[in-house]
1. If we keep just the residues of the stretch 30-45 that are part of a helix (DSSP H, G or I) and of a type outside the set (Phe, Trp, Tyr), which is modelled with the lowest pLDDT?
2. Restricting to the stretch 46-90, and then to whatever is in a loop (DSSP other than H, G, I, E, B), exposed (fewer than 14 other Cβ atoms within 10 Å of the Cβ) and of a type in the set (S, T, N, Q), can you tell me which residue is modelled with the highest pLDDT?
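The values are calculated or read from the model by the stated rules, or taken from the named source; none is laboratory data. Quick caveat, the model's predicted, so the values are computed rather than measured. Cβ sites come from the backbone with ideal geometry, for glycine too, and all protein chains shown count toward neighbours.
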Amino acid sequence: MAPDESREQGVEFGPLGDELADDEYPMSKEELLERYGDRELELENGSQTLREVLDPPGETTFDSADDVKQSVMSMVSDEAIGRKKYSDRGGQGDDGGSAESA
């Protein structure tokens, strides 16, 4: 899988994405972290292990690789964010006017 294809919402899963997809589910969080907890997830501004991202306590069972990825997306720190408060969608500039010049 090419790096661009394994990056989702600022998180680069790399080969871990394929390994998660090839594994068998359901899988408990404990089992997931036992197998993959030390694997690094590359973020826009650094990296975190899967354990650091999913470690908050609680019983969880993942039903699929997509389920794992969704949990990662909701739990990653703001290091996954590139430029904070940046949007390429246009809108209003700091002066309250249009960001596009006339």
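1. At the first step, the residues of the stretch 30-45 found to be part of a helix (DSSP H, G or I) are 30-36.
Checking the rest, the ones that are also of a type outside the set (Phe, Trp, Tyr) come to 30-35.
Values: Glu30: 91, Glu31: 94, Leu32: 95, Leu33: 94, Glu34: 94, Arg35: 96.
Filtering the stretch 30-45 for residues that are part of a helix (DSSP H, G or I) and of a type outside the set (Phe, Trp, Tyr), the one modelled with the lowest pLDDT comes out as Glu30.
2. Out of the qualifying residues, it is Ser77.
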